[in-house]
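Since the structure comes first, as structure tokens, the remarks are kept for the end.
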Amino acid sequence: MPHRYNGRDENDIPNTDNEETMLISGTSEYPGAKRTDLPPLKRVNRRAQQQVKSPSSSQAPPQFPHSEEPPAFPQQQLPPQFPHSFAPPPPQRPDYNENNYYDYDQQPPQNYNGGYYPPPSAPAAAPPAQTQQKKVNNKPVQQEEHEKKRKKKHHKSPLRKITGKIIRLILVLLLLVFGVYSCTSVCLIRKINHEPSENRNHYADSIGRSHVRNVLVIGTDGRTADERGRSDSMILVSLNSSTNEIIMTSFMRDCYVEIPDNGWDKLNHAYAYGGADLLMDTIEYNFDVRIDDYVSVDFVSFVSVVDAVGGIDIEVSDAEAEQINIILISEVNGIMGDDPNDDLLSGGRKLHLNGKQALSYSRIRNVGNNDFERTERQRRVMSLIIAKLKTFRPSIFKNLASDVIPDVTTNMTGMNMYLLSLRVPFAIGYKTKQLQIPAEGTYSGMDTDAGNVLQIDMAENQRIIDKEVFSGS
């Protein structure tokens, strides 16, 4: 076949499959015949060049200096430069509020048209509510289920809700009652006549006896508020919080005692010499019983107290009824400004006595064992008055505030009276106990310059008072 190898009989051209050829510019076509004016072909072995340039696999990797600090990266890199047919525009600071910029955490890329933009600045901190919501949404499913179970577990049943409302209502009512009681007590305290003690000498020790509060109730025989008179009755009212008892101890007015700075005399004369302070000092000095405060009432105040509680019901004998009428006619009706024959009794039996009749009953001396039964009647009347006060009827407090309190005198401060009033509700359930000094078998009659008196065994009566009044639970 002619021209099998481009006009040659043999193929003497070496194999150049692994080489690339490049035509020299200037030729427009490739002639079928061999041309001698063409330049020789240039062999370019690019594979060999790449092998020279690339490092061999056995070559060791490059060594970099080691440092414990993390590598410092440039804050801002310049964009790579690419050849352009025209000069690129100067870089401008982009506006990240446009829609072309996005937050990778919130939305995917949108409207990216190529080019380089610096990364957006860190997003502003979300408000606390959103942050909390995000944290809640990112909680694991198991934790959310645990919280649901816990809330369900602590879910209050209807019975617990009703019980809680009842408890809150009771607390509100207690606070309301306490407020009303406190306001009433303060109003009553302001109406009491306050006469502070001046120079008292405490002869009895009160150490270890803080559970007992002693108040001496003095009933004077003064006919008017300005008249001091003598102490007609002396009853020590003791509140024992340890045994929950109210002990009423009557001191006989004919007890022969030593009055400080006044020598030996009857006990009731101490009030005439130095008032309530000297009377308290005298009782402390002779009987070793500490007295904290006193409350003094005269005849008019006593009548008002009995009338304020609505009178008392008491068993009266015929002899006592006769003496009541005598005392009413001779002095009590005159002191109260009434007719001498008012409120006379027809005879003895279970009677309801008013204030004037109760006062006359308490002053009886010529029936029975003279002054001993007299003090017993006084304690009986006081016990009935205390029992009436425990009923807490509004009418009683109204009458006390208007008729009784203004005629009562005490040395207690306003704060002490208020604190004592707070103990009154707790004393409602206290038992009442009566005591008489001198006790039976601890005295004897004796005539002195002061008249017929009772000579008593001081040591034995002190022991009785300590046992009955200051005993613990």
Fill in the blank from the handout: By residue number, the members of the range 438-460 that are under 25 Å from Ser238 (Cα atoms) and out of contact with any Phe, Trp or Tyr (no Cβ under 6 Å at 6 or more places or on another chain) are Pro438, Ala439, Glu440, Gly441, Thr442, Tyr443, Asp457, Met458, Ala459, Glu460
Exercise for the section: Can you work out which of the residues in the range 311-340 that are under 56 Å from the mean Cα position of the chain (by Cα) and surrounded by fewer than 13 Cβ atoms within 10 Å (Cβ to Cβ) is nearest to Ser383 (Cα to Cα)? Expected result: Asp313
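Would you say Asp403 is touching a helix residue (DSSP H, G or I) at 6+ places or on another chain (Cβ under 8 Å), among the acidic types (Asp, Glu) and either under 23 Å from Asn244 (Cα atoms) or assigned to a loop (DSSP other than H, G, I, E, B) (or both)?
no
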Completion exercise
Of the residues in the range 246-265 that are of a type in the set (Asp, Glu) and at pLDDT below 90, the one that is farthest from Asp221 (Cα to Cα) is Asp261
Handout entry: Residue within the range 287-308 that is within 18 Å of Gln455 (Cα to Cα) and not in a loop (DSSP other than H, G, I, E, B) present
Key = yes
Exercise for the section: Scan the range 285-313 for residues that are touching a His at 6+ places or on another chain (Cβ under 8 Å) and at pLDDT 90 or above and jot them down. Expected result: Gly311, Ile312, Asp313
Exercise for the section: Among the residues of the range 245-278, write down those that are closer than 18 Å to Arg374 by Cβ, outside any strand (DSSP E or B) and in contact with a Ser or Thr (Cβ under 8 Å, 6 or more places away or on another chain). Expected result: Met252, Arg253, Leu267, Asn268, Tyr271
Practice task
Could you list all residues from the range 419-432 that are surrounded by 15 or more Cβ atoms within 10 Å (Cβ to Cβ) and aromatic (Phe, Trp, Tyr)?
Solution key: Tyr430
Exercise for the section: Specify the residue that is nearest to Thr391 (Cα to Cα); the eligible residues are those in the range 311-333 that are small (Gly, Ala, Ser) and without any contact (Cβ under 8 Å) to a residue 40 or more places away in the chain. Expected result: Ala321
Practice task
Just give me the residues in the range 433-454 being surrounded by 16 or more Cβ atoms within 10 Å (Cβ to Cβ) and assigned to a strand (DSSP E or B), in sequence order.
Solution key: Lys433, Gln434, Leu435, Gln436, Ile437, Tyr443, Val453, Leu454
Problem - Residue check for Ile396: farther than 23 Å from Thr220 by Cβ, hydrophobic (A, V, I, L, M, F, W, C) and in contact (Cβ under 8 Å) with a residue 40 or more places away in the chain - result: yes
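The values are calculated or read from the model by the stated rules, or taken from the named source; none is laboratory data. Everything quoted here is computed from the prediction, not taken from an experiment. Note that each Cβ is placed from the backbone with ideal geometry, even for glycine, and that neighbours are counted across all protein chains shown.
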